[in-house]
Structure formats: structure tokens, C-alpha cells
Amino acid sequence: MSDPTLLILPGDGIGPEVMAEVRKVIEWTGANGGPRFDVQEDLAGGCAYDAHGTPLTDGTMARALAADAVLLGAVGGPRYDALDFSLKPERALLRLRKEMDLFANLRPAQCFDALKDFSSLKPELVSGLDMMIVRELTSGVYFGEPRGVTGEGDGRVGINTHRYAAPEIARVARAAFDLARRRQGRVCSMEKSNVMEAGILWREVVEEVHRDGYEDVELSHMLADAGGMQIVRAPKQFDVILTDNLFGDMLSDVAAMLTGSLGMLPSASLGAPRENDRPRALYEPVHGSAPDIAGQGKANPIACILSFAMALRYSFDAGEAATRIERAVEAVLADGVRTGDLMQAEGGRPATTAQMGDAIVGKLSGTA
Ligand code: NAI
Ligand code: MG
């Protein structure tokens, strides 16, 4: 059988810089018992606009649809701010998400012990934290019709529609339950069923899916506002949080800040399983192209490296290889290796992007 394909889209700004470090980890993994990949690379975002006049060509889109997984760096930058909306680099991401039908967005909030003083919460609240937010990504109030602004003057009305169809809720609920089975086996579903009909349906469908083959997973419900309070009050009570597009957008950003820098945060967006059982999947760091530090060797490559680890776990059933990478990251941080964004954490030694990547590969090899 041929090696699975991994399509790499480094993108703009710090994207290519952090991706260069991920490539070192990909090579190490392939040479040391982890999966080997047919690695392909293409343009997406501003760089694609520069080369082809469009942020994502049809050819690149076709390669993404055919790939076993896509790993993206970041897109965008001030050079492209004046472009028409349809040509903006960010459109590349929107097109990938839409055409790959990526309905489940996975955002882990995991605390590395060496950085626990770095959190906005007390160290004891976040030490050992390992939770995952599963956000519905393709429906809800950001997409519902009717929408728009109508009327004039004081008569103007802004409208968005929070709409969910039962199958949209069911498929993301299944993704959350499947995920919980690989973790601590608990899902907490969050909506506002006290004031929103779409929330009543959300709760109903999540319970149906649970009864229909997932009763081994522990299911609880929380109103999303109370859930927000609990995430900052006692985050370690959670394993998997399942929520809709709007609440997930906010709650995942709140949860992200429990663990410190944007430079540390990976993500995955998954679609439906295909014939080979692998879901369509896009892995990317949460951060953007960071034009303020691009080209200076200052970017933290960990978010992108951990995104590759997520790809190993969720697309290629290589959880062991993923854990090895996560342990190497933990060990390097414990040694005090710090890119600029982490320098406020105690006991740090400054490192460039490449030094951080090399230190992680060094740990993987057991030589550092
Ligand atoms: P950003 O995430 O690029 O940067 C925010 C701040 O965090 C900056 O000070 C940056 O230096 C820092 N930062 C981000 N990643 C870092 C890393 N790996 N290591 C160290 N420091 C890091 O967000 P911003 O500035 O709002 O957006 C910049 C551009 O990126 C815009 O064009 C925006 O549209 C685009 N963007 C792209 C995203 C994507 O490709 N998924 C997501 C967010 C923004
Ligand atoms: Mg957000």
C-alpha cells in the first residue's frame, strides 16, 4: 500500500517558518517507526494570490479533497488588507472548510506543567488540565437564513438566524462521543435550552445519539453561560465539551487562554468519515500569520507541531507517535527552552523558531 498523503499548506507570514520545523518532526516520525507520508506542498492564502491571483486554486482544492489530511500554517497579512473580500487570503480557509465539509472543530486546552504559572488562572487550577472543546463549525447563527440588515434610520433591523437541523447536531454529537471514548469518556453538552428552541432541539438530539450506541460515554448538560463560568472556575472538571458554532467560538477562545500563549494552541477540523474510514481533516494552529514577528525567527512552532500530532492521532490512528511528540514538547519546555512568546514563564532560555524545533527533535531522538 502506498503511503498516506499529507498536504502541507504553509501559507503566509510565520506559516512557512513554523512549517519548516514541523517538517523536521514529520521526517523524524517517518524514520522512527511512526507513519510515513507522501508529503505534498502547495500554496494557500496571500502567497497563492501572488502566484495565481486567487487565494486557493481549483487545483489546490482538488488536492486537499484527495489528501488523507491537510496541515495548514496560517494565511493573511497587511499586504492583502485592501483586496476585495472574495480575494482575501482568509477565503482560502473558508473554502477549504466548506468544500471539505468540516463540521467538527476540535480545540484542546491542555496545560504543560512548565507553563502553569503562565496561565491567567492560579497554577493549581490548570496544572494537569486536559480538556477538548468540540465546536459545530458549519451551521448555526453564522450561516442561518434569513440574515441581513433591512430598513432605514430608526427602522433598521439586523437579523441573524440561529438554525440547526437535527442531522447537523447528530453528526457533531457522534464526533464528540467518539472522541470521548479515546479520552476520559465524558461529554458535557452546552446550549441555552432555557431560552432558545434550537437549544431544546440540540439537547434532545444529543440525548438521542447518546441512547443510540454511546451509553458507555458519560453525558451531562450545562447551560452555555454557566458553562463559561465553570470553565474559568474549575476547568479540570471537563473532558470533552460539545457545543454549537456561536457558543463554541467564544468558549474555545476562553478555554485557550487558560493555558497561555497562542503559540501553543493546535486545532483540528474534521468532516465525515470516508470509505477508508478516515475523516476529511484539516489541522492548523489557532494563531494567524503574525506579521509583527514574521521573518525574524521569533515564532513559536509548537502550535503547528502539536497540530501535526493531532493529525497522527485522529487521521492516522498513530496515537503513540502523537503522545511521543507531546512528551518531547513537554520535556523541552521543562528544560526552559522558550520562544519569545513564552519568555514570561519562569526559568526560560531564549530560543529561535529553529532552535525550538531542533530541541523537540533532539528530545524525540533522546539526544538532547
Ligand atoms: P495572530 O495570531 O497572527 O497574532 C496575534 C499575536 O500573537 C501577535 O502579536 C503575534 O505575534 C502573536 N503570535 C501569534 N502566533 C504566534 C506564534 N506562533 N509564536 C509567537 N507569537 C505568536 O493574529 P492577528 O495579528 O490578529 O492576525 C494577523 C493575520 O493573520 C491577519 O491577516 C489575520 O487575518 C490572519 N489570521 C489568520 C488565521 C489563520 O490562518 N487561521 C487565524 C487568525 C488570524
Ligand atoms: Mg473565535
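The values are calculated or read from the model by the stated rules, or taken from the named source; none is laboratory data. All figures in this text were calculated on a predicted structure; none of them were measured in a lab. Cβ sites come from the backbone with ideal geometry, for glycine too, and all protein chains shown count toward neighbours.
Evaluate the range 283-301: report whether one residue or more is in contact (Cβ under 8 Å) with a residue 60 or more places away in the chain, more than 11 Å from ligand 1 (Cβ to nearest atom) and buried (at least 23 other Cβ atoms within 10 Å of the Cβ).
Looking through the range 283-301, at least one residue is in contact (Cβ under 8 Å) with a residue 60 or more places away in the chain, more than 11 Å from ligand 1 (Cβ to nearest atom) and buried (at least 23 other Cβ atoms within 10 Å of the Cβ).
Conditions (1) closer than 27 Å to Met222 by Cβ; (2) of a type in the set (Val, Ile, Thr); (3) modelled with pLDDT of 95 or more, marked per residue:
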| residue | (1), (2), (3) |
| --- | --- |
| Ile241 | yes, yes, yes |
| Leu246 | yes, no, yes |
| Leu262 | yes, no, no |
| Pro273 | no, no, no |
| Asn276 | no, no, no |
| Ile293 | no, yes, yes |
| Gly297 | no, no, yes |
| Ala309 | no, no, yes |
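Could you list all residues from the range 10-45 that are of a type outside the set (S, T, N, Q) and without any contact (Cβ under 8 Å) to a residue 40 or more places away in the chain? If you could, list the steps in order and put the result at the bottom.
Keep residues of the range 10-45 that are of a type outside the set (S, T, N, Q), which gives 10-28, 30-31, 33-39, 41-45.
Selection gives Arg23, Glu27, Gly30, Ala31, Arg36, Phe37, Asp38, Val39, Glu41, Asp42, Leu43.
Could you tell me whether any residue of the range 273-282 is within 16 Å of ligand 1 (Cβ to nearest atom) and either touching a strand residue (DSSP E or B) at 6+ places or on another chain (Cβ under 9 Å) or not hydroxyl-bearing (Ser, Thr, Tyr) (or both)?
First, the residues of the range 273-282 that are within 16 Å of ligand 1 (Cβ to nearest atom): 281-282.
After this cut, where a residue has to be either touching a strand residue (DSSP E or B) at 6+ places or on another chain (Cβ under 9 Å) or not hydroxyl-bearing (Ser, Thr, Tyr) (or both) as well, the list is 281-282.
Yes: the range 273-282 contains one or more residues that are within 16 Å of ligand 1 (Cβ to nearest atom) and either touching a strand residue (DSSP E or B) at 6+ places or on another chain (Cβ under 9 Å) or not hydroxyl-bearing (Ser, Thr, Tyr) (or both).
With respect to the numbered conditions (1) in the same structural domain as Glu145 (by TED's automatic domain parsing); (2) more than 16 Å from ligand 1 (Cβ to nearest atom); (3) of a type outside the set (D, E, K, R); (4) without any contact (Cβ under 8 Å) to a residue 40 or more places away in the chain, which one is the sole condition not fulfilled by Met250?
(2)
Please specify each residue of the range 79-107 satisfying the condition of being in contact with a strand residue (DSSP E or B) (Cβ under 8 Å, 6 or more places away or on another chain), of a type outside the set (A, V, I, L, M) and buried (at least 20 other Cβ atoms within 10 Å of the Cβ).
Result: Pro89, Phe103, Asn105, Arg107.
Listed residues Met356, Met343, Met310, Met264; which is assigned by TED's automatic domain parsing to the domain that holds Pro78 and farther than 22 Å from Ser119 by Cα? Give the steps one after another, and end with the answer.
Numbers: Met356 fails: farther than 22 Å from Ser119 by Cα; Met343 fails: farther than 22 Å from Ser119 by Cα; Met264 fails: farther than 22 Å from Ser119 by Cα.
After applying the criteria, what remains is Met310.
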